[in-house]
Amino acid sequence: MSHTTPAGAPAGEWGYQPALDGLRAVAVAMVLCFHAGFSWMGGGYFGVSVFFTLSGFLITSLLLGQLGSRGHVPMREFYARRLRRLLPASSLCLAAVLIARVSGEFGQVPRFRQQLVGAVTQVFNWVQIAGSSSYGNLFRRSPALTSPIEHYWSLAIEEQFYLLWPLVLVGLWRLAGRTSQRLLRLLVGLTVAMAVASPLVASAFGPDVAYWSTPTRLGELLVGGTLAAWLRTGRAVPGTARNVAPVALVAVASVAVILPSAGGPAFTGWMPLVAVVSAVLLWSLQVPGRMVSLLSVRPLVLMGRISYGVYLYHWPIFVLLRTHGWSLSTVGGFAAGCALTLAVATVSLVVVEQPIRRLRWPAGRTLVAASLTMGTLASVMLVVPLGRGFLEVDQDVLDAAAIDTVDSLADLHPSTTVVESATTTTILAASTTSTTAPSAAVPLTLPPLPSRPVRILVVGDSTALYLGQGLAAWAVAHPGYAQVDVMWCQGCGFLLDGVVTSYDASAFVARSREVVLDLLPDAVQRLQPDVVVLMSTIDDVLQRQWTAEEGPLSPVDPAFAARLRQQYGDVTESLLAGGVDRVVWVVPPVPTGSEVPELRERARYEAQHAVMREVAAAAGPQVAVNELDAWFTASGDLVAGWRPDGTHLTEESAEQLAEVFVGPWLIQLLTG
């Protein structure tokens, strides 16, 4: 039947309800506004929760209808219909994203191959959980690092629900003796149990698991399923429900506006409770009324019919536009993004989805075709060259440039052999031996070939990784100049105590202690480097607390700066005592555009930089400061686009930096 259940009538049977397509349109509009970056839609991800509850409601209604009329669920037909409905557009979107990556887009996205395979195999949410870290979240807002398939986490949860729920529901139905009332009680118990378990799981495993895991989001689907079971008991929906519908719709919209974009029930496991708001709205739409009529207007219904495609395609389109400089939180940018999304979703529906959905294939043939499609896509994703993303090391380059401890350690001096490329390369470089920032770039010439390769050990965080990897590539391209080893860890710094209050960094502080106190001395003894280059960008400027009396401190606080000075000095003295001839502290370029407020405070970095200079001055001529921040400022347009996330160099820009500045600077320092 084509209308909602009339007031006072049993709600055991109902057919297509246009108002539910209208509700889909509202839900996807929330998501679009949220993903566009409108500050007033901070909790727009609640639109995904509305989809969850609506899916649980509709799928459970379908399954219970089949159990009531047939006494069983034709599983093969059920799965075949789901696959024909969902797989074509999902596969097309993934194929398009894969082609875009091969063509040069989304090149900095980390773990991209794992993400693609996780998306096509419907376990993307678990891939996200396995690869998530609070440190990585500091850079997650960068368009260059944003995955174009990040939204597949919710699709994976729905697919996992569709796979398991028919089997579970049939089992519960049989356990209930095939009676609606007993089944309803079992479903209420299961829903309550999942709702209670969700915050417990969140408390035990953290906010990432709370947001992305299937168990913590299952309650939202079960709330819809329980509503469907309640209606199947034959209870009439009272006519007064039409008066609840406007209030419920306003409540749904209000939740999307009020919820914070980070934190709140989605990150603490309480979304099943919030999903009750969606369920009340669904219940109230089961009788005719003004709200049903409003949500049934043709534009909303049409939008609802393509909402799956809109959700699928909007995110990669939004990410692509952002990486090319579009601002989607402006009226023009948002309109352009939505128009492109609607066009792609409509073409996908008409050209691909509907023709496949209308196929009269037997269920078995559909299952075979779907398996072949998913298998082929996964196989291609596993073998196609994708390049490296963020924090994915080029191990071949590092191996090729690694320090060879068999080589002689004769004194460094310029070779009498003339190398043409070494004597003719002139670059722009800031003067970096003084303690004051240069006012302009000055010429720097690459020195002659040294008598043996300079041994360089780069130590620090992820920004040091890219600097060191760029130096390694430079060393490979300039044989005889240098050998390079890199010792890095995500979130590493040289401030080895205190509690970071910005996020949970306990693991990173512990790893920093291991690197600096244990691994670094061993590496110095084994590799005998001529110079150790130390670099850490954000980790040593974050808010820290040592005592309750002091409270959280920043580098501009004297007590913080004193500890920083002491520990930077300890690292320097330890290296010199271990036999290192030269130590270089790199003053990193100040990050730009971070979403974390304290990381936009230049005063923090200036305080850290001042400590580096003080430590170098106190240690004497064996310790130098590389004023990379000043060099970036003096170089202007030369470095535009070198740090797409505002903090990290790319592989290409790191190689350029090593070629035009850091590589020659180090050779001059050690052989001059």
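A few notes on this one:
- Largest accessible area first, the residues V347, V97 order themselves as V347, V97 under a 1.4 Å probe with ligands, DNA and RNA left out.
- Nearest-ten-degree value, helix 75-102 long axis tilted from longest Cα axis of the chain: 30
- Global geometry of the range 305-386, whether rounded, prolate or oblate, following the gyration tensor of its Cα atoms and the 1.5 cut on a/c: oblate
- Area accessible to solvent at D518, 1.4 Å probe radius, in Å²: 90
- Crossing angle, helix 307-323 versus the chain [Cα axis fit, 0-90 degrees, rounded to tens]: 20
- For the pair the range 143-178 / the range 583-631, the C-alpha centres are spaced 49 Å from each other.
- Solvent-accessible area of the chain (1.4 angstrom probe, protein heavy atoms only): carbon and sulfur portion equals 61 percent.
- Here W326 sits with roughly 120 square angstrom of accessible surface, probe radius 1.4 Å.
- For the range 491-605, a simple Cβ point-charge model (Lys and Arg +1, Asp and Glu -1, everything else neutral) yields a dipole of about 240 debye relative to the Cα centre.
- The residue among P316, I356, T330 whose Cα reaches farthest toward the positive pole of the charge dipole of the range 222-367, with charges on the beta-carbon of Lys, Arg, Asp and Glu, is I356.
- Percent of C-alpha pairs per 10 Å bin, the range 494-563, short to long: 18, 44, 26, 11, 1
- Protein-only accessible surface at a 1.4 angstrom probe places the residues E651, E77, E659 in the order E77, E659, E651, largest first.
- Using a probe of 1.4 Å, the accessible surface attributed to M381 totals some 0 Å² when neighbouring protein chains are kept in position.
- Debye, to nearest 20: dipole size of the range 209-348, +1 on Lys, Arg Cβ, -1 on Asp, Glu Cβ: 320
- By the Cβ distance rule of under 4.7 Å, the chain has these cysteines without a partner: C33, C93, C338.
- Helix axis angle, 462-477 relative to the chain longest principal axis, alpha carbon, degrees: 60
- Total charge dipole magnitude, the range 148-247, about the Cα centre, Cβ charges on Lys, Arg, Asp, Glu only, Debye to nearest 20: 740
- Prolate/oblate/rounded call for the range 19-134, Cα gyration tensor, a/c under 1.5 rounded: oblate
- Interchain or long-range residues, amide H under 5 Å from Q483's placed H: V454, R455, I456
- The chain: C-alpha gyration tensor shape, a/c 1.5 cut-off, then a/b vs b/c: prolate
- These residues, Y162, Y16, go from largest to smallest accessible area, 1.4 Å probe, as Y16, Y162.
- Cα centroid separation - the range 43-60 against the range 225-248, whole Å: 17
- For the chain: relative contact order, % (alpha-carbon pairs under 8 angstrom, 6 or more apart): 16
The values are calculated or read from the model by the stated rules, or taken from the named source; none is laboratory data. Because the structure is a prediction, the values reported are computed rather than measured. Backbone-built Cβ (ideal geometry, glycine too); neighbour counts: all protein chains shown. Please note that ligands, DNA and RNA were not included when accessible areas were found on the heavy atoms of the full protein model with its side chains. Shrake-Rupley method; radii C 1.70, N 1.55, O 1.52, S 1.80 Å.
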